[in-house]
Amino acid sequence: MAYRHLALSGPERTRLLILHPAIVTIEPLHGSLVECVVGKSYGESASEISTRYEALSYVWGPPSTVHGINIDSSTLPITANCDAALRQLRRTSTDRVVWVDSICIDQTPEGVQERSSQVAIMGSIYETAADVLIWLGEGDAKTDALFLHLKGLYELRDDSLEDSRAELNVEFMNECDTKWPKTEDAPVIRQIIEDVLSRPWFERMWTLQELLLASHATALCGSKSMEWDAFCEAMTLIEASFAPSSKGSRNFINCYYARSDFKELISENTDIQAMPSGAGGKDAAGENRKDLSTIIYHTRIRHATDPKDKIFALYGVSQKLGKTLPIPDYTASIPIVYAKATAEIMRQDNSLWSLDNVWSKYRRQDLPSWVPDWSDDPRWSEDLLSELGCLPVNHGDRESVNHWDGPVEDHTPNIIVSSDCTQLTLVGLTYGMIDTVFDDREIAKTQHDIITMPRLSIEQALAMRMHGAEQLRFFRGIYDSLGVGNDSQLHLETFCRLLLTYSPTQPLRSFEIGSKDLHSLLTASEETECREVIIRHAKEKLAKAVDSNQRHDAILRLVESDIDTALDVLLSINLDCGPYEIYGQVGNPGHKIVHLVASATGFYNIIRGLAINRSIFTTSNGLIGYAYGSVRIGDNVVKFQGATSPHVLRAYGPDHYQLLSSAVTKASRDMSALVKGQDRADFVLI
């Protein structure tokens with residue numbers, strides 16, 4: 001008989017699972033549910049109950065028809081992952097008191113109101129638990145060995161024991177390589193770490209709140225466990241074993257900095273509360289803090305089965321920060337949930353940061369243009385895009401870089417949201433109207449072909465070479481357009497400053513040299529003698545390629561027939577060709593090409609992915625910039641009062657606009673001159 005939850009007797013109440021013991025692991029799961037007030041049970045103080053219940057943090061996994069727990073002689077279905085966790089947690093002789101969301105909350109369609117109210121107090125449930133048990137999943141001999149190694153490293157965490165740690169790491173790496181065969185061209189220890197850090201727990205939305213609010217947490221993998229903070233510190237001590245751009249590495253970095261930033265925000269919040277109110281005190285300090293924006297930034301790469309949980313899963317965190325998001329309501333539509341949350345984030349943080357996140361490739365079509373699709377993360381692109389030149393996102397970034405070099409006002413944003421949350425009115429200045437958009441359609445087409453083709457096939461290799469050629473043609477078109485007229489040098493220098501924003505840590509002088517030499521290389525490639533040198537060296541480079549696809553006749557024919565494909569081969573740093581260098585005698589075209597390729601290669605490989613998912617444009621009054629997604633001639637570049645960057649708007653009926661994307665812009669003259677004499681205007685975003 002299926003178990004049916006009894007209705008809770010009041011607000012701020014939940015249920016706890018009393019997990020009954022069993023001597024043998026395979027015995028059926030048995031338990032009972034007791035009701036309690038969050039923080040205490042009947043007749044007990046908050047401190048007494050908090051010492052005797054734990055909260056399980058886990059990923060549900062797919063539904064199961066074969067797993068269940070017996071509750072008061074009735075069966076409550078659970079998932080396979082929940083079943084595995086409970087069997088591992090179950091004691092042999094005494095009960096264990098655990099809060100488990102899928103068991104303690106009525107998950108039936110009739111329980112939608114209960115789910116909303118329970119989500120609203122879930123932060124308190126995890127915060128007052130004696131321990132949050134982070135179930136990463138089943139273990140095996142490899143993960144058991146890793147956890148034992150991590151414990152050993154943690155014991156040697158003191159800086160004075162660095163040599164001992166290094167010896168232990170080498171010993172463990174050799175032991176893993178001896179015990180287990182490699183499944184890829186990487187040390188076995190890296191494969192083991194990747195297996196653990198790539199597990200779904202690190203990618204889910206709810207698990208982040210559960211970790212952030214935990215007063216104490218323990219990581220469990222199979223039968224092995226480790227205090228969470230010790231686990232993280234030990235992981236950093238084997239950092240050399242991480243695959244830098246791997247999924248697991250990105251997961252860990254995201255998780256590590258989210259918890260670190262949350263602790264820092266809570267600490268600052270405590271300090272602010274102790275400050276006197278008034279000018280320069282508590283009120284001013286609180287206004288300038290981007291608490292919600294900081295945490296939501298970290299959650300963008302996490303996933304939720306129900307899109308509403310991308311917001312609801314942060315309710316407890318927002319309460320802890322003192323900037324509460326709207327109360328969870330699962331009966332509300334996704335557009336309403338996202339719009340209300342966006343409005344509240346802007347108001348609570350006194351910031352327009354949310355508007356910088358409105359563009360995403362798979363954005364929902366039922367949202368107002370000023371509301372980000374919080375369910376989609378544009379940063380989590382396919383690894384393949386990195387090979388095409390798209391710079392990988394550093395998920396440890398604590399804040400975005402501000403590239404605006406126009407006038408900076410002290411005004412805070414004036415945020416007016418309509419009662420139905422469909423319109424946002426802001427004050428701003430128009431800095432220009434787009435008059436040119438550089439054509440990137442062929443780049444987009446070949447990019448689509450690459451993603452849809454079989455991985456590592458000759459067809460995909462050919463498409464990647466064509467994509468590289470289209471990227472060069474794209475930049476050739478920009479240089480040709482900007483490099484004419486009396487102000488050509490000024491325009492090219494402005495374009496170089498724009499390119500620098502794509503990788504702002506690079507020295508400006510080296511960027512200027514790289515940009516100049518890339519332009520010269522593209523120009524030289526139009527000369528017959530230089531073309532012959534470029535094609536000859538490109539074919540020689542491909543002849544040494546380790547990947548046989550790169551030596552295929554189809555690619556060689558393309559190199560012979562298309563100078564930009566040949567140039568892409570010479571400039572590519574992703575081709576494994578062994579020791580290779582181009583050469584030429586002083587004074588002949590070969591020497592000229594050698595110099596230009598050597599100088600332009602580093603620069604080009606940094607900026608070549610700029611056009612991926614971006615549009616590069618100019619305005620009629622001298623701006624050059626880029627924005628995410630597609631823009632078109634006639635769109636407006638507007639800087640809102642209180643915004644840190646401009647945005648691209650498209651007129652939509654009288655006095656109404658659609659917000660397309662944030663933008664990065666540079667001008668060949670003083671930005672202030674572009675808006676001289678212009679009055680601020682209201683922009684109604686729909």
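The values are calculated or read from the model by the stated rules, or taken from the named source; none is laboratory data. In this text the structure is predicted, and so the values were computed from the model without any measurement. Cβ placement follows ideal geometry from the backbone for every residue including glycine, while neighbour counts extend to all protein chains displayed. The area values use the complete protein model at the heavy-atom level, side chains included, leaving out ligands, DNA and RNA. Shrake-Rupley method; radii C 1.70, N 1.55, O 1.52, S 1.80 Å.
For every residue, the table says whether it meets (1) out of contact with any strand residue (DSSP E or B) (no Cβ under 8 Å at 6 or more places or on another chain); (2) free of Cβ contacts under 8 Å to residues at least 24 places away in the same chain; (3) of a type in the set (K, R); (4) not in a strand (DSSP E or B).
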| residue | (1), (2), (3), (4) |
| --- | --- |
| L596 | yes, no, no, yes |
| S599 | yes, no, no, yes |
| R632 | no, no, yes, yes |
| S645 | no, no, no, yes |
| P654 | yes, yes, no, yes |
| K666 | no, no, yes, no |
| S672 | yes, no, no, yes |
| Q678 | no, no, no, yes |
Looking at I478, I451, which is the one that is touching a helix residue (DSSP H, G or I) at 6+ places or on another chain (Cβ under 9 Å), part of a helix (DSSP H, G or I), in contact (Cβ under 8 Å) with a residue 24 or more places away in the chain and open to solvent by less than 10 Å² (accessible area, probe 1.4 Å)? I478
Residues in the stretch 254-263: is at least one at pLDDT 75 or above, in a helix (DSSP H, G or I) and over 30 Å from I189 (Cα atoms)? yes
Test for Q641: is it of a type outside the set (V, I, T), closer than 18 Å to I416 by Cα, in contact with a His (Cβ under 6 Å, 6 or more places away or on another chain) and open to solvent by 10 Å² or more (accessible area, probe 1.4 Å): yes
What number of residues within the stretch 519-562 satisfy the criterion of being open to solvent by 60 Å² or more (accessible area, probe 1.4 Å) and in a helix (DSSP H, G or I)? 15
Mind telling me which of the residues A55, A22 ends up being assigned to a strand (DSSP E or B), modelled with pLDDT of 95 or more and hydrophobic (A, V, I, L, M, F, W, C)? A55
Among (1) modelled with pLDDT under 85; (2) open to solvent by less than 10 Å² (accessible area, probe 1.4 Å), there is one condition S245 misses while meeting the rest; what is its number? (2)
Condition set touching a Phe, Trp or Tyr at 6+ places or on another chain (Cβ under 7 Å) and in a loop (DSSP other than H, G, I, E, B), scope the stretch 613-630, selection surrounded by the fewest Cβ atoms within 10 Å (Cβ to Cβ): answer is G629
Quick test of your reading of the structure: R165 fulfils all but one of (1) under 16 Å from T236 (Cβ atoms); (2) not in a helix (DSSP H, G or I). Name the failing condition by number. (2)
Selection status of I345, modelled with pLDDT of 95 or more, under 14 Å from S116 (Cα atoms) and touching a Leu at 6+ places or on another chain (Cβ under 8 Å): no
Looking for whichever is open to solvent by 30 Å² or more (accessible area, probe 1.4 Å) and either basic (K, R) or touching a residue at least 40 places away in the same chain (Cβ under 8 Å) (or both) here; the options are K323, K340. Which one fits? K340
When only residues in the stretch 650-675 that are in contact with a helix residue (DSSP H, G or I) (Cβ under 8 Å, 6 or more places away or on another chain), under 15 Å from N636 (Cα atoms) and among the polar types (S, T, N, Q) count, which is surrounded by the most Cβ atoms within 10 Å (Cβ to Cβ)? T665
So in the stretch 168-207, with the set limited to residues that are in contact with a strand residue (DSSP E or B) (Cβ under 8 Å, 6 or more places away or on another chain) and outside any helix (DSSP H, G or I), which one is surrounded by the most Cβ atoms within 10 Å (Cβ to Cβ)? R204
What number of residues in the stretch 83-103 are among the hydrophobic types (A, V, I, L, M, F, W, C), part of a helix (DSSP H, G or I), under 20 Å from A130 (Cβ atoms) and within 32 Å of the chain's Cα centre (by Cα)? 3
Could you tell me whether the stretch 109-124 includes any residue that is of a type in the set (A, V, I, L, M) and not in a helix (DSSP H, G or I)? no
How many residues does the stretch 301-352 hold that are in a loop (DSSP other than H, G, I, E, B), aliphatic (A, V, I, L, M) and more than 19 Å from Y58 (Cα to Cα)? 4
Of the candidates V533, V594, the one satisfying the condition of being of a type outside the set (F, W, Y) and out of contact with any helix residue (DSSP H, G or I) (no Cβ under 8 Å at 6 or more places or on another chain) is V594
Going through the stretch 318-361 in order, the residues found to be touching an Asp or Glu at 6+ places or on another chain (Cβ under 6 Å) and among the aromatic types (F, W, Y) are none
Expected single match for under 28 Å from T619 (Cβ atoms), touching an Asp or Glu at 6+ places or on another chain (Cβ under 6 Å) and at pLDDT 90 or above among E470, E512 is E470
So which residues in the stretch 450-464 are among the charged types (D, E, K, R) and either modelled with pLDDT of 95 or more or over 19 Å from V559 (Cα atoms) (or both)? R455
Would you mind stating whether T501 is open to solvent by less than 20 Å² (accessible area, probe 1.4 Å), in contact with a His (Cβ under 6 Å, 6 or more places away or on another chain) and either closer than 17 Å to R608 by Cβ or modelled with pLDDT under 95 (or both)? yes
Using beta carbons and a limit of 6 Å, which pairs, at least six apart or on different chains, have the first residue in the stretch 127-147 and over 11 Å from K224 (Cα atoms) and the second one open to solvent by less than 10 Å² (accessible area, probe 1.4 Å) and assigned to a strand (DSSP E or B)? A129/A55; V132/A55; V132/S57; V132/A217; L133/L56; I134/S57; I134/A217; I134/A219
Filtering the stretch 296-306 for residues that are hydrophobic (A, V, I, L, M, F, W, C) and surrounded by fewer than 22 Cβ atoms within 10 Å (Cβ to Cβ) leaves a count of 2
Count - residues of the stretch 402-430 that are in contact with a Gly (Cβ under 7 Å, 6 or more places away or on another chain) and either open to solvent by 40 Å² or more (accessible area, probe 1.4 Å) or aromatic (F, W, Y) (or both): 2
Among the residues that make up the stretch 174-185, is at least one of them touching a Pro at 6+ places or on another chain (Cβ under 8 Å) and either charged (D, E, K, R) or in contact (Cβ under 8 Å) with a residue 60 or more places away in the chain (or both)? yes
Filtered residues of the stretch 434-444 (kept if part of a helix (DSSP H, G or I) and either touching a residue at least 24 places away in the same chain (Cβ under 8 Å) or closer than 16 Å to L558 by Cβ (or both)): E442, I443
